[in-house]
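Structure first, commentary second.
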Amino acid sequence: MEATQPLKHQTEQGVQPQTCAWILHGLNTHPKKMSALRDYLSKHSSSASIGVLSGHHPEAAAHEKITAANWKSEFSSQWKDAVSQCNHSSDRRIFAGYSLGALVALSLLDGASDIPAPTHMVLIAPALKLRKKVNLVKALSWLPFGALPSLNHEEYRARSWTTLSAYDALFDLNKNWQQNSWKFSKKIPTVMFLARQDELVDSQTIAHDVENFSHWKTVWISNEKSRLKPAYHHLMLDEASVGKDSWTRIQQEIDLLLNTKSEIWNSSGD
């Protein structure tokens, strides 16, 4: 794995520093709903794009087989392409991941995979520690129809159902990451957005795990002013899902991350 580089703003041997940003969706989240985050990161980047994992393409087959290995391979390939123009030591490579997207990234980074390391990360409700009710899905693997209905808002979901193979891949990734948790990712300047009442992710445990990481900042987000009915705490992707004030807060914290030298990036926010 390539070592993370310190944040630099000067040119390197006459080469203007570049910034590449890549954004990855959550489980059964429509990739297009990552566009608000992509658009904001574009203000900091020469290139900003959204990745798509198998099972999240509109034309995907109804019973498409999904595996953790496939998702990791897809991540590696797309991430390398996205940051291919940002390979100088003064360049910045920003990864932004929501839920599943964050988990895939950390499973590779902490597993010493041979991918370019991000210089900065923006993580939203990372699926690193799951609530017990989510793990109950494991007991449903015998169901003949192979999928569960999605409770997410129609405009935010890739499909009206989530396949059991997708859940299995999520659990496999989570188990894999637990074996190597935080080995490398804790060194990367990161802002992490969590909701105290997240329906799917054990945000309190995650926050406790990282509270002494000098390069990480945890920011608690409220969606009490969300325009969505019902409002899901796990959903923190745009102004509609969290409200204007919280979406402004998310943007401000991203600005702080990308404009603060990593050696003093050690605070946490409420």
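Points to keep in mind about this one:
- In the range 16-30, the residue that is surrounded by the fewest Cβ atoms within 10 Å (Cβ to Cβ) out of those that are in a loop (DSSP other than H, G, I, E, B) and of a type in the set (S, T, N, Q) is 16.
- When the test is whether a residue is crowded, with 18+ Cβ neighbours inside 10 Å, at pLDDT 95 or above, of a type in the set (S, T, N, Q) and part of a helix (DSSP H, G or I), residue 226 does not pass it.
- Residue match in the range 38-53 (condition: under 26 Å from residue 255 (Cβ atoms), assigned to a loop (DSSP other than H, G, I, E, B) and modelled with pLDDT under 95): yes
Here is a yes/no grid of residues against (1) of a type in the set (Phe, Trp, Tyr); (2) crowded, with 16+ Cβ neighbours inside 10 Å; (3) at pLDDT 95 or above:
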site	(1), (2), (3)
63	no, no, no
80	no, no, yes
93	no, yes, yes
97	no, yes, yes
132	no, no, no
143	no, no, no
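- So residue 165, is it buried (at least 17 other Cβ atoms within 10 Å of the Cβ), more than 22 Å from residue 253 (Cα to Cα) and touching a Lys or Arg at 6+ places or on another chain (Cβ under 7 Å): yes
- The range 192-208 - residue that is crowded, with 16+ Cβ neighbours inside 10 Å and not hydrophobic (A, V, I, L, M, F, W, C) and, of those, farthest from residue 124 (Cα to Cα): 202
- Yes/no for residue 122 being surrounded by 17 or more Cβ atoms within 10 Å (Cβ to Cβ), in contact (Cβ under 8 Å) with a residue 24 or more places away in the chain, within 20 Å of the chain's Cα centre (by Cα) and under 30 Å from residue 91 (Cβ atoms): yes
- On inspection, residue 83 qualifies as in contact with a Cys (Cβ under 6 Å, 6 or more places away or on another chain) and touching a residue at least 40 places away in the same chain (Cβ under 8 Å).
- Unmet criterion (only one of (1) within 16 Å of residue 131 (Cβ to Cβ); (2) crowded, with 17+ Cβ neighbours inside 10 Å; (3) of a type outside the set (S, T, N, Q)) for residue 189: (1)
- In a residue-by-residue description of the range 193-202, the property of being out of contact with any Phe, Trp or Tyr (no Cβ under 6 Å at 6 or more places or on another chain), closer than 24 Å to residue 117 by Cα, aromatic (Phe, Trp, Tyr) and assigned to a loop (DSSP other than H, G, I, E, B) applies to no position.
- Within the range 203-223, tally of residues that are assigned to a strand (DSSP E or B) and among the polar types (S, T, N, Q): 1
The values are calculated or read from the model by the stated rules, or taken from the named source; none is laboratory data. In this text, all values refer to a predicted model and were calculated from it rather than measured experimentally. Here the Cβ is made from the backbone with ideal geometry for all residues, glycine too, and neighbour counts use every protein chain on show.
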